[in-house]
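Undergrad: Can you read through this structure? Questions will come right after.
The values are calculated or read from the model by the stated rules, or taken from the named source; none is laboratory data. Since this is a predicted model, take the numbers as computed values, not measurements. Methodologically, a virtual Cβ is constructed for each residue, glycine included, from the backbone with ideal geometry; neighbour enumeration extends over all protein chains shown.
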Amino acid sequence: MRARTRPARKAVILAAVASLGIGLLAGCADDGKDDDSGSSSGGGGGKTTITLGLFGTAGFQESGLYKEYEKLHPDITIKQTVVERNENYYPALLNHLTTNSGLQDIQMVEVGNIAEIVQTQSSKLLDLSKYGKESDYLDWKWKQATTADGQTVGVGTDVGPMAICYRKDLFQKAGLPTDREEVGKLWAGSWDKFVDVGKQYKAKAGTSTTFLDSPGGLLQAILSSEKDRFYDASGKVIYKTNPAVKSAFDLTSEAAEAGLIGNQTQFQPAWDTTIANSKFAAMSCPPWMLGYIKGKSKADAAGKWDIAQAPKSGNWGGSFLTVPKSGKNTEEAAKLAAWLTAPAQQAKLFGVQGSFPSTPAAYDSTEVKNAKNDMTGDAPIGPIFAEAAKNIPVQTIGPKDQIIQQGLTDNGVVLVTQGKSAAEAWKNAEKTIDNALDQ
């Protein structure tokens, strides 16, 4: 849900494959409202029309939440305009915010863009702390959309708590345990242990499959579990000097050099083929990834996957709803945004659409506790992701996080799987990132 190339595409997929039941990129779920005009009152019969600008498949309409809200509020009509890809949606949103025109009553913002919105556009957005209940949300999620002076410009929709999805059949053939609790113990607390398990896998499995799907997936997972990554609290870019970033890069490179990782870039057709042909045994797995796995797998893969806790908790994905001050219906829009992201609605959204709630109260709901996925059989995916979500660190997010992440993956560690040394890959990533940041 993120012009930009790989991170943008990854982020689009966060929204587009949020459903646990589907894995293909969703097309525009437009309701016929094709223009990008602002909100309007008098949506027929004296009703007030609330408009939402979204990207990917947010799931509000698909899960019936709009109809439910309209039933509760007969004087309200809800319409959405959807852009399939965030790299097309977000630049336009920034332009509309800058000019303070052409905005919908509610505008969605992806987590990778929220820091820039908070830092540069907060004056254009309503303070939603008066509508959303801070205690309902994960602490770190609420803070991501809150300015230094306490203004909360967005209420969180979903989050992407990280777990590890693995093929039970391939683990068994390699002599590794298949029970999810035992698997999680193999690498608990350490990404180094995780790579060591990969080496054990390769020793028995040979070269017909790799332990992991891609270098980008491993690097993303490791970095997602770090509090400080690319920026420090003052807003300074620190990716070059942050030992956590270099350590993650080096560990991923080590795994690549050892032949533990496929040489594909995630979300490309060639990578999709490795899923279909069962060419790897494990992958970094936020909730939305289950939908992608299902969409790209052959029918006989159902039930062969399972899911275990990651070595350390991290987050990959999630969005926010914001309310521009220039809208005609700011009060009603703010109420709708708060309602759509309240625990009860987030639980329903997860049950139907697979977007994992950013509200811990939803974790005790039947929709979350009893959730299952075709690919992982009877695995209690709701409680597994809930446990991970509760332990995610509060991260420092910078305005250009996506650009830096992209440079480290697509222009960095992937090169190691293609024969470059770790040092060469790091140097290339640095050059790409610094050019993008004009440094």
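Undergrad: Go through segment 73-103 and report how many residues are surrounded by 14 or more Cβ atoms within 10 Å (Cβ to Cβ), modelled with pLDDT of 95 or more, charged (D, E, K, R) and assigned to a loop (DSSP other than H, G, I, E, B).
TA: 0
Undergrad: Does any residue in segment 84-95 that is more than 15 Å from residue 116 (Cα to Cα) come within less than 8 Å, Cβ to Cβ, of a residue that is exposed (fewer than 14 other Cβ atoms within 10 Å of the Cβ) six or more places away or on a different chain, and which pairs are these?
TA: Going by the 8 Å Cβ cut-off, the qualifying pairs are 84/27.
Undergrad: Scanning for something surrounded by 20 or more Cβ atoms within 10 Å (Cβ to Cβ), within 16 Å of the chain's Cα centre (by Cα), within 30 Å of residue 72 (Cα to Cα) and not hydrophobic (A, V, I, L, M, F, W, C), does segment 385-406 turn up at least one residue?
TA: For segment 385-406, residues surrounded by 20 or more Cβ atoms within 10 Å (Cβ to Cβ), within 16 Å of the chain's Cα centre (by Cα), within 30 Å of residue 72 (Cα to Cα) and not hydrophobic (A, V, I, L, M, F, W, C): absent.
Undergrad: Something else now. If the Cβ limit is 6 Å and pairs must be 6+ apart or interchain, which residue in segment 326-344 that is over 22 Å from residue 158 (Cα atoms) pairs with which residue that is modelled with pLDDT under 95?
TA: Listed pairs, sorted by first residue: 326/100; 327/39; 328/39; 328/41; 329/39.
Undergrad: Which residues, counting only those in segment 378-400, are touching a helix residue (DSSP H, G or I) at 6+ places or on another chain (Cβ under 9 Å) and not in a helix (DSSP H, G or I)?
TA: Scanning segment 378-400 gives 379, 380, 392, 393, 394, 395, 396, 397, 398, 399, 400.
Undergrad: Assess whether residue 352 counts as being among the aliphatic types (A, V, I, L, M) and either surrounded by fewer than 21 Cβ atoms within 10 Å (Cβ to Cβ) or within 24 Å of residue 169 (Cβ to Cβ) (or both).
TA: Yes, satisfied.
Undergrad: Of all the residues that make up segment 268-288, how many are part of a loop (DSSP other than H, G, I, E, B) and in contact with a Gly (Cβ under 9 Å, 6 or more places away or on another chain)?
TA: 2
Undergrad: Here's another thing I want to ask about it. Return only the number of the condition from (1) buried (at least 24 other Cβ atoms within 10 Å of the Cβ); (2) at pLDDT below 95 that residue 327 does not satisfy.
TA: The number of the failed condition is (1).
Undergrad: Anything in segment 143-163 that is surrounded by fewer than 22 Cβ atoms within 10 Å (Cβ to Cβ) and either of a type in the set (Phe, Trp, Tyr) or closer than 20 Å to residue 287 by Cα (or both)? List them, or say none.
TA: Selection gives nothing.
Undergrad: Give 295, 291 a once-over and let me know the one that is buried (at least 24 other Cβ atoms within 10 Å of the Cβ), of a type in the set (Gly, Ala, Ser) and either more than 21 Å from the chain's Cα centre (by Cα) or in a helix (DSSP H, G or I) (or both).
TA: Of the residues listed, the single one that is buried (at least 24 other Cβ atoms within 10 Å of the Cβ), of a type in the set (Gly, Ala, Ser) and either more than 21 Å from the chain's Cα centre (by Cα) or in a helix (DSSP H, G or I) (or both) is 291.
Undergrad: Those residues that are touching a Lys or Arg at 6+ places or on another chain (Cβ under 8 Å) and under 18 Å from residue 432 (Cα atoms), I need them from segment 386-403; list them, please.
TA: 401, 402, 403 - these are the residues of segment 386-403 that are touching a Lys or Arg at 6+ places or on another chain (Cβ under 8 Å) and under 18 Å from residue 432 (Cα atoms).
Undergrad: Follow-up. Which residue is surrounded by the most Cβ atoms within 10 Å (Cβ to Cβ), if the candidates are limited to segment 223-257 and must be in a loop (DSSP other than H, G, I, E, B) and small (Gly, Ala, Ser)?
TA: 225
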